[in-house]
Amino acid sequence: MFGKLKDYCVNGSKILFTFEGAQEGVQPCVEVVSDWIVNVFVDYTGTGHRTRAIEGELGERLNSGVSGNAENVESVSQKENGVEINTRELTVVVGDGFLVDFYYRQGTPLSLAHRGRRTKYGAVSGQVLELLAKEGHEASAGTENDYRVQEVRSLGDADCIYGLGDKTGFLNKRAYEYEMWNSDIPDPHEDNFRALYKSIPFMMVLKEKGAYGIFFDNHNKTYFNLGKESRDYYVFGADQGNLDYYFVGGAGLKDVVSGYTSLTGRAPMQQLWALGYHQSRWGYESEEQIRQVAGKLRECGLPCDCIHFDIDYMDHYKVFTWNQETYQDAAKVISDLREMGIKAVTIIDPGVKVEKDYYVYEEGVEKGYFAKTPEGEIYVNQVWPGDAVYPDFGNPQVRTWWGGKHKFLTELGVSGVWNDMNEPASFRGPLPEDVAFTDEDAPSDHGQMHNIYGHNMAKATYEGWKGLTGKRPFVITRACYAGSQKYTTGWTGDNHSIWSHLRMAIPQLCNLGMSGMNFVGTDVGGFGSDCTPELFARWIQVGCFFPLFRNHCAIGCRVQEPWQFGEEVLAISRKYINLRYELLPYLYDLMRETEQTGIPMSRPLVLEYEQDENVRNRNDEFMLGDRMLVAPVVEQGARERMVYLPEGTWYDYWTGEKKEGGCFFVRKAPLDVCPIYVKAGAVIPKFPARLWVGEEKDSLLVLEAYPGEGTYTHYQDNGEDFAYRQGSYNEYKLVNHRGAVEVEKLHEGYRAYGKIEIRTRA
Ligand code: MIG
């Protein structure tokens, strides 16, 4: 496509190139966004960036085509092998064919363009292809694997790949291929799945030394082949839109995660109660059932902050209505639950029922707020309410309208919203790509808007809710795009109650976290299929260490509240839910860290110890922050497991036993034990156990100090609104000196704890 490099010019932060053989008017561009971040852009469509992931000042600047600060470019010069661009941290060399290479400033290569063609695999002849298709197999003629927009980049032998959102499979994404096309596929998600609900086209490569990320900001359908086709390179591409990617460099993975979230935004603080235990089920058929569940939770001494109301609560699955027959008096049940310390979160799907005189439908029709066919008729498909229409969330007016609709829920006392089916899902075949949607100020279509449909819906919900309540909106979404973390938390959709899905939960959630979506969880116990007592016991031991801790399952499947599996499993559930509540202040500190740095609360070992080869493919252990390591049992029947601890000294959380890291050992793990290790010198801030987050407020903080040395920051605020952004918070410096903790106030702006107690462990 691009031949010999003929010329270049510098315009502020942009360097524009002229190539032989380039399409008329197409001038590839390299833009220095910051010391570590460089954008590579070829505007094939002539529309400019149109990023929906990057917002604020930077997003506006990019989308308007205005050049950035020239000072970010240290130097540009013609060298033998191309044009060399220096930032303060990176060297970028652009050569013939628009091959772009990235180096650390001191010269070590970080990422090189692949020279040469793609190799093709699995090609079969037309006749065989036909037969295969008859039997229902997928195969390719091997001719279509070049995309209209495509980038092929070198892979080193030792390179590992992370990120890519919610994709199935193991932690290391090397040798997988994926598609970014938000998909609701009911079959059990296995590691040959190419697409799932979320599209986060961000990948990180960890090298023997150093790391970088690639954010391919193209929200059309995109493809990633991560060293599967060939071990020498990876490919990303699309058949629509532009080549528009950000190279994010850094000294290590953490810098890359921070860099990526500096572009797309950092998951903000949630309300404290959102960190509590959430109970849910599709198929709570009546208000009475919900009341019974709440009563039983309390009777069993199970902490819980929230019950989710699935589609059952609506009148004929019509959004922003309440089924008064089965769910009677909404305000009353919600306030009764609140008395017990339990909040209500309600599901809201995008599909609006086609029904005369139904106010949401009528209003939307009148205002022209639903997606249309190319001929201009309102487009109708089918979801839970039957025939349904799709709000055009890319239109800012539609978002404002939809956000405002939540008044129906806030007035009833609902505390948060769960957005489902927003890929968008449809029962009567997929939406055709030419269904007309709006992209902010311009007409667009489903093909281009599909992957940001959930993103825009969550944004509408977040903004509406914020305006209505002034609190930190609690939104959970199934579908999203890069940058959705600014508005919403997420869950991983319809998993099953099977051991492979418990195992998959760990890498899946870790990769989501490293892709910006910090506040995520899987359905604890599994959604589809029938859970067993043992699987449930092991799942709750994993679920309690991820930000969103929700037990949820499908109608028709075995009921799955903690008391449904006998006394032993109930006691185990209580133990881990209690532990979760004790850890609330620690979790809250981590959430604050995420808001400030983008580093996720729950993280793979590789994010903390990337130099350790033993953790680069570690799928069955993870960390909560930088000082707590969880090594759960995820095998049926196992009553012990192999644990690996990275370098340093660790303490067994349960026994206090001291362990030197850098080795493997076997830990006994009866059904009630999830092995946990705490790093020497750690201080773990804890609350006394309680039945719900607000049961006791700021009365006692326990600082659990482990032998060794360490310094930490502890954070405290009202746990509800945005006052902390005006300084209403406390920050403490905790210095652990061999188990003795000094507490120093760094910032004072919120009421003090009644008491701070220091407990020395081991
Ligand atoms: O077609 O609302 O992933 O969590 O319980 C199923 C019913 C629709 C799918 C969600 C699931 C939810 C269910 N929904």
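Looking at (1) touching a residue at least 60 places away in the same chain (Cβ under 8 Å); (2) within 20 Å of residue 445 (Cβ to Cβ); (3) away from the ligand (no atom under 16 Å from the Cβ), which is the only condition residue 396 fails?
(1)
Test of understanding: among 459, 466, 486, which residue is modelled with pLDDT of 95 or more, surrounded by fewer than 24 Cβ atoms within 10 Å (Cβ to Cβ) and within 24 Å of residue 246 (Cα to Cα)?
Among 459, 466, 486, only 486 is modelled with pLDDT of 95 or more, surrounded by fewer than 24 Cβ atoms within 10 Å (Cβ to Cβ) and within 24 Å of residue 246 (Cα to Cα).
Any idea how many residues of the range 705-731 are part of a strand (DSSP E or B) and crowded, with 21+ Cβ neighbours inside 10 Å?
The number of residues fulfilling the criteria is 6.
Name the residues in the range 418-434 that are in contact with a Pro (Cβ under 8 Å, 6 or more places away or on another chain) and away from the ligand (no atom under 13 Å from the Cβ), would you?
Answer for the range 418-434, where residues must be in contact with a Pro (Cβ under 8 Å, 6 or more places away or on another chain) and away from the ligand (no atom under 13 Å from the Cβ): 431, 434.
Residue 295 is checked against (1) small (Gly, Ala, Ser); (2) outside any loop (DSSP other than H, G, I, E, B); (3) in contact with a helix residue (DSSP H, G or I) (Cβ under 8 Å, 6 or more places away or on another chain); (4) surrounded by fewer than 17 Cβ atoms within 10 Å (Cβ to Cβ) and fails just one. What number does that condition carry?
Exception for residue 295: condition (3).
Exactly one condition in (1) within 16 Å of the ligand (Cβ to nearest atom); (2) crowded, with 24+ Cβ neighbours inside 10 Å is false for residue 519; which is it?
Here residue 519 meets the rest and fails (1).
For (1) in contact (Cβ under 8 Å) with a residue 40 or more places away in the chain; (2) within 16 Å of the ligand (Cβ to nearest atom); (3) of a type outside the set (Gly, Ala, Ser), each residue gets a yes or a no:
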position	(1), (2), (3)
158	yes, no, no
161	yes, no, yes
168	yes, yes, yes
173	yes, no, yes
184	yes, yes, yes
188	yes, yes, yes
191	yes, no, yes
194	no, no, yes
197	yes, yes, yes
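Which one of these is modelled with pLDDT of 95 or more, under 27 Å from residue 502 (Cα atoms) and of a type outside the set (Phe, Trp, Tyr): 656, 681, 661, 648?
Unique residue meeting the criteria: 661.
Could you check the range 561-575 and list, in sequence order, the residues that are in a helix (DSSP H, G or I) and surrounded by 21 or more Cβ atoms within 10 Å (Cβ to Cβ)?
Hits for the range 561-575 are 562, 565, 569, 572, 573.
Hey, can you tell me all the residues within the range 547-560 that are assigned to a loop (DSSP other than H, G, I, E, B) and at negative phi?
547, 548, 552, 553, 554, 555, 557, 558, 559, 560, listed by residue number.
Go through 558, 550, 618 for me and flag whichever is of a type in the set (Lys, Arg) and more than 30 Å from residue 384 (Cβ to Cβ).
618
Got at least one residue in the range 285-299 being more than 18 Å from residue 559 (Cα to Cα), away from the ligand (no atom under 16 Å from the Cβ), in contact with a Phe, Trp or Tyr (Cβ under 6 Å, 6 or more places away or on another chain) and not β-branched (Val, Ile, Thr)?
no
May I ask you to list pairs of residues, at least six apart or on different chains, whose Cβ atoms are under 8 Å apart, with the first in the range 652-664 being outside any strand (DSSP E or B) and the second being among the aromatic types (Phe, Trp, Tyr)?
Correct list of pairs: 653/677; 657/651; 661/650.
The values are calculated or read from the model by the stated rules, or taken from the named source; none is laboratory data. Because the structure is a prediction, the values reported are computed rather than measured. All Cβ positions, even for glycine, are placed from backbone atoms using ideal geometry, and neighbour counts span all protein chains on display.
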